[in-house]
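Student: The structure is given below, and queries will be raised subsequently.
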Amino acid sequence: MSRLSQNPLRDPRDRRLPRVPEPCALVVFGVTGDLARKKLIPAVYDLANRGLLPPGFVLMGFARRDWGDGDFEQVAREAAKQGARTEFRDEVWQRLAEATKFIPGSFDDDQAFDQLAQSLKDLDASHGTGGNAAFYLSIPPSAFPTVLKQMERTGMANNVETNSWRRVVVEKPFGHDLASAIELNKLVDDVFTAQDVFRIDHYLGKETVQNLLALRFANELFEPIWNSHHIDSVQITMAEDVGIGSRAGFYEGTGAARDVLQNHLLQLLALTAMDEPVNFDAAELRTEKRKVLGATQLPKDLARYAVRGQYDQGWLAGERVKGYLAEEGVAPKSRTETFAAVRLDVDTRRWAGVPFYLRTGKRLPRRVTEIGIIFRKPPFLPFAHSDTEELGANQLVVRVQPDEGLTLRFGSKVPGTTMEVRDVAMDFLYGEAFTENSPEAYERLLLDVLLGDASLFPQNEEVEQSWRIIDPIEEFWASGRRPELYRAGEWGPRGADEMLARDGRTWRRP
């Protein structure tokens with residue numbers, strides 16, 4: 001029997017009260033990497049600063065470094081000081097510092113893992129963790145088999161043997177195609193039970209992504225018109241103004257579709273298109289998302305409706321930048337795409353005939369992620385044509401980043417003696433509407449892991465359904481010509497504009 005019990009600090013019926021986990025340890029494998037230093041450790045500090053970590057909490061690092069607890073504490077302190085969202089306070093850090101531990105060793109070091117297993121047992125007596133632990137695999141996917149087998153060998157993953165809860169956090173990419181995703185899922189599920197596996201897509205931790213659900217299901221204003229009778233099309237964009245930087249080793253074997261379309265954008269599509277769940281439990285949310293992904297269909301003509309591109313040299317923000325092929329570590333004749341756009345259709349009664357256009361790219365004019373809901377135009381306008389020449393379609397835009405909020409575009413009369421109607425915009429900004437700043441995505445997601453709340457984490461079937469959509473696109477591109485070039489600072493290759501033009505539409509310009 002597990003010692004998992006209700007948190008005495010929180011009435012589960014009142015969601016307004018702070019959600020504080022049970023006493024536990026967070027073990028970060030690969031704690032010396034960029035993700036741990038720039039995101040995870042600052043997120044842990046911010047949770048502590050907000051009073052959302054239990055008194056019996058321990059941060060434990062595991063890496064191939066000749067460090068002691070004091071060395072790790074100093075490194076963690078600097079990471080928290082540089083990356084924390086909230087004000088750095090010494091008294092908060094001192095409480096955390098007393099509960100930071102470090103285990104040196106490589107992933108194939110049996111002795112190091114034996115020491116880790118024993119340390120987790122000792123923490124129950126020294127810090128009152130109750131034996132509870134979450135393991136964050138901030139490591140390359142190639143290292144997963146070794147680490148998971150070590151955890152299985154030492155019994156660290158066994159809830160029954162440890163008489164506590166044990167959870168594992170897996171970072172994307174979740175494989176590089178359907179076959180590898182199935183293999184990875186089986187590997188993880190052989191060691192951990194399905195409900196204890198948390199696959200992180202940090203986009204799902206963003207406040208505006210979660211607000212999409214509130215927008216739809218807490219307001220009578222939107223849900224009745226959230227269907228093909230009123231919506232013409234949906235555009236989901238994730239644009240980056242940066243290049244690949246030092247990530248050539250990763251990016252060359254991945255590309256834009258595997259890196260972003262397969263996870264971030266398909267998850268946003270699922271949240272946009274899903275039906276209302278019975279309640280907001282993790283199982284119900286996942287069920288509705290799986291229905292959408294299962295109903296998502298590729299176009300029959302991929303040559304016309306799946307476009308890839310590769311950035312060339314150009315000007316961006318007044319600076320001349322080099323093309324992808326000139327980036328360090330990129331093969332001279334690389335066919336890796338840095339831009340991908342595709343039309344998808346969701347074959348359900350709600351969405352029949354509504355195209356979903358997804359695009360992502362690097363070296364685009366600006367960094368932005370948004371969901372654009374484009375409504376149908378009125379079937380009849382009682383105005384003269386000249387009165388509405390500057391009137392477009394109504395739009396609802398969910399801005400995921402960087403200016404988190406919503407924009408509603410609609411027609412309004414221009415002041416004056418004539419009837420002239422043009423588009424105007426109403427903006428909602430999180431930073432202006434609420435006094436509290438939005439937490440970072442990793443703050444929310446780490447807290448959910450420690451609480452055991454899996455609402456924002458994709459399950460095996462979602463991951464595999466996403467690969468079933470992306471794999472045929474990758475296979476088609478692999479057998480075709482090179483990606484179409486686009487200049488840095490442009491909104492992608494010409495083929496992406498032509499794709500929408502065939503349907504009588506144009507891309508939104510964020």
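Student: Step through the table entries 38/322; 322/362; 38/101, compare each Cα-Cα distance with 22 Å, and write down the pairs that go over it. Working shown, then result.
Tutor: Values: 38/322 27 Å; 322/362 12 Å; 38/101 19 Å.
In this structure, 38/322 exceed 22 Å between Cα atoms.
Student: Once fully extended, how much extra length lies between residue 149 and residue 468, figured as 0.36 nm per residue of separation less the alpha-carbon to alpha-carbon distance?
Tutor: Numbers: separation 319, 0.36 × 319 = 114.84 nm, distance 2.81 nm.
Length difference between fully extended and current span is 112.0 nm.
Student: Please give the peptides 89-95, 310-316 ranked by average Cβ packing (other Cβ atoms within 10 Å per residue), highest first, as a rough proxy for protection.
Tutor: On the way: 89-95: 13.4, 310-316: 20.1.
In decreasing order of mean packing, 89-95, 310-316 become 310-316, 89-95.
Student: Treating only the Cβ atoms of Lys and Arg (+1) and Asp and Glu (-1) as charged, compute the dipole magnitude of region 24-171 about its Cα centre; round to the nearest 20 debye. It would help to have the intermediate numbers written out before the result.
Tutor: Working: 17 positive and 20 negative charges, 98 e Å.
With Lys and Arg at +1 and Asp and Glu at -1, about 480 debye.
Student: Identify all lysines with a Cα-Cα distance to residue 300 below 26 Å; exclude those on the same chain that are fewer than 8 residues away in sequence.
Tutor: Cross-link targets: 289, 291.
Student: May I ask for the distance between the Cα centers of region 344-377 and region 247-288, given as a whole number of Å?
Tutor: Between the Cα centre of region 344-377 and that of region 247-288, the gap is 14 Å.
Student: Could I ask something else about it? If you count the DSSP beta bridges with both ends in the chain, what percent of them are antiparallel, to the nearest 5? Provide the component values of the computation, followed by the final result.
Tutor: Working: 44 of 79 bridges.
Of those bridges, close to 55 percent are antiparallel.
Student: Any chance you could run the full-extension gain for residue 325 through residue 503? It's 0.36 nm times the residue separation minus the Cα-Cα distance, nm to one decimal.
Tutor: 60.8 nm
Student: Something else: Just to be sure I understand the model, the point goes 7 Å from the Cα along the line to the Cβ. What's the resulting residue 301 to residue 242 distance in nm?
Tutor: If labels sit at residue 301 and residue 242, their model points lie 3.8 nm apart.
Student: Using 1/(1 + (r/R0)^6) with R0 = 25 angstrom and r between the beta carbons of residue 126 and residue 71, what's the FRET efficiency to the nearest 0.05? Let's see the in-between values first.
Tutor: Numbers: r = 20 Å, r/R0 = 0.79.
E(calc), rounded to 0.05, equals 0.80.
Student: Separate question: Which of (i) 31; (ii) 42; (iii) 35 is the computed percent of Cα pairs over 34 Å apart for the structure on display?
Tutor: The calculated read-out lines up with (ii).
Student: Quickly estimate the mean residue ellipticity at 222 nm for the chain, helices only: each DSSP H run with n ≥ 4 gives -39500 (n - 2.57), and the total goes over all residues, rounded to 500. Can you show the working numbers first?
Tutor: Numbers: 16 runs with 162 residues, N = 510.
Rounded to the nearest 500, the figure is -9500 deg cm²/dmol.
Student: Another question about this same structure. Using DSSP to define loop residues, name the trypsin sites (Lys or Arg not before Pro) in region 330-363 whose beta-carbon has at most 12 other beta-carbon atoms within 10 Å.
Tutor: On the way: sites: 333, 335, 343, 349, 350, 359, 362, 363; in loops: 333, 335, 349, 350, 362, 363.
Taking region 330-363 and a limit of 12 other Cβ atoms within 10 Å, the loop trypsin sites (Lys or Arg not before Pro) found are 333, 349.
Student: Here is a further query. With each pseudo-label sitting 7 Å past Cα toward Cβ, what's the residue 190-residue 110 distance in nm, one decimal?
Tutor: Placing both labels 7 Å beyond Cα along the Cβ direction yields 1.9 nm.
Student: Please work out how much length the chain gains when fully extended from residue 349 to residue 279, using 0.36 nm per residue of separation minus the C-alpha to C-alpha distance, in nm with one decimal.
Tutor: On the way: separation 70, 0.36 × 70 = 25.20 nm, distance 2.16 nm.
Difference between extended and current length: 23.0 nm.
Student: Among 491-503, 52-64, 406-418, how do they line up from the highest to the lowest mean number of other beta-carbon atoms within 10 Å? Display every interim value, and only then the final one.
Tutor: Values: 491-503: 17.7, 52-64: 21.5, 406-418: 13.1.
Per-residue mean Cβ counts within 10 Å order the peptides as 52-64, 491-503, 406-418.
Quick note: the coordinates plus some simple rules give every number you see, no bench work behind them. In this text the structure is predicted, and so the values were computed from the model without any measurement. Every residue, glycine among them, receives a Cβ derived from its backbone with ideal geometry; neighbour counts consider all protein chains shown.
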